[in-house]
1. Report yes if some residue within the range 66-80 is closer than 20 Å to Ala141 by Cα, out of contact with any Cys (no Cβ under 7 Å at 6 or more places or on another chain) and not assigned by TED's automatic domain parsing to the domain that holds Thr171; otherwise report no.
2. Give the range 172-187 a look and list any residue that's of a type in the set (A, V, I, L, M, F, W, C) and assigned to a strand (DSSP E or B), or say none.
3. Just one of the numbered conditions (1) among the aliphatic types (A, V, I, L, M); (2) modelled with pLDDT of 95 or more; (3) out of contact with any helix residue (DSSP H, G or I) (no Cβ under 8 Å at 6 or more places or on another chain) is not true of Ile134; which one?
4. Among the candidates Gly97, Gly125, which residue alone is surrounded by 14 or more Cβ atoms within 10 Å (Cβ to Cβ), in contact with an Asp or Glu (Cβ under 7 Å, 6 or more places away or on another chain) and not hydroxyl-bearing (Ser, Thr, Tyr)?
5. Is at least one residue of the range 124-142 in contact (Cβ under 8 Å) with a residue 24 or more places away in the chain and of a type in the set (D, E, K, R)?
6. Can you pull out the residues in the range 157-171 that are touching a Leu at 6+ places or on another chain (Cβ under 9 Å), assigned to a strand (DSSP E or B) and within 25 Å of Ala117 (Cα to Cα)?
7. Which one of these is exposed (fewer than 14 other Cβ atoms within 10 Å of the Cβ), closer than 27 Å to Thr79 by Cβ and polar (S, T, N, Q): Thr148, Thr160, Thr143, Thr181?
8. On the given criteria, is Ile137 surrounded by 13 or more Cβ atoms within 10 Å (Cβ to Cβ), aliphatic (A, V, I, L, M) and in contact with a Gly (Cβ under 7 Å, 6 or more places away or on another chain)?
Amino acid sequence: MTRKFLAGLALVALTAVLATPADAGTIVMCRPAAPGTAAGPSQFTAPGSSTTYAIDRAGCAPFLITDVGDASANGFIQTGPVRAMILSGATAQAQVGTLPAGGYILGVVVNSESANAPTNGLKFGSTAGGTDIISGILSTAFTVTSATDASIAKRAFSPTQSTAVWVDAVTSWNSTRQIVTVLYSFF
């Protein structure tokens, strides 16, 4: 009797794990309720993509990475285990954001918004012009490219201090415009 019960319980747990939807490419964000109002349910339409999101009773929704900037600008905050730093419209060396103390880089995604490509790709470092994170990721015209695991040389920095994350062209920007997303979590 106990064996059958435990086997059934294990089967239910396995089914629940396998039935969980994939969350690749999304980040859960929540909007605190205005004083005197309920948080949800409601809807939010991202101005940039016109994607409409169903906001649950807690005021949260899984946003596509491309809409995180719009959601942030409209009062939503990142609450899940995966966070993102987003730099829109990069045309020259710039700081993408700051990796918090205890943070580690999960991945880097580059979206080219122009017909040109940066000569020899983009590099990422913890200092301006640095290459300690990624020495080069190719970004071609009008494409979305993600860094391979092998190309990310350094993911974790300090458990006690924040670290700047910079992007620059390996050789020249070549009049290109890039959206850079750095996904991270905490150790």
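The values are calculated or read from the model by the stated rules, or taken from the named source; none is laboratory data. Please read these numbers as outputs of a predicted model, since none were measured by experiment. Cβ: placed from backbone, ideal geometry, glycine included. Neighbour counts: every protein chain shown.
1. Here is the first cut: in the range 66-80, the residues closer than 20 Å to Ala141 by Cα are 66.
If we keep only those that are out of contact with any Cys (no Cβ under 7 Å at 6 or more places or on another chain) too, we end up with 66.
Going one step further and asking which of them are not assigned by TED's automatic domain parsing to the domain that holds Thr171, we end up with 66.
Yes, there is a match, as at least one residue in the range 66-80 is closer than 20 Å to Ala141 by Cα, out of contact with any Cys (no Cβ under 7 Å at 6 or more places or on another chain) and not assigned by TED's automatic domain parsing to the domain that holds Thr171.
2. Selection gives Ile179, Val180, Val182, Leu183, Phe186.
3. (3)
4. Values: Gly97 fails: in contact with an Asp or Glu (Cβ under 7 Å, 6 or more places away or on another chain).
Unique residue meeting the criteria: Gly125.
5. No, the range 124-142 contains no residue that is in contact (Cβ under 8 Å) with a residue 24 or more places away in the chain and of a type in the set (D, E, K, R).
6. Ala164, Val165, Val167, Asp168, Ala169
7. Values: Thr148 fails: closer than 27 Å to Thr79 by Cβ; Thr143 fails: closer than 27 Å to Thr79 by Cβ; Thr181 fails: exposed (fewer than 14 other Cβ atoms within 10 Å of the Cβ).
When all the criteria are applied, what remains is Thr160.
8. Values: surrounded by 13 or more Cβ atoms within 10 Å (Cβ to Cβ): yes; aliphatic (A, V, I, L, M): yes; in contact with a Gly (Cβ under 7 Å, 6 or more places away or on another chain): yes.
Yes.
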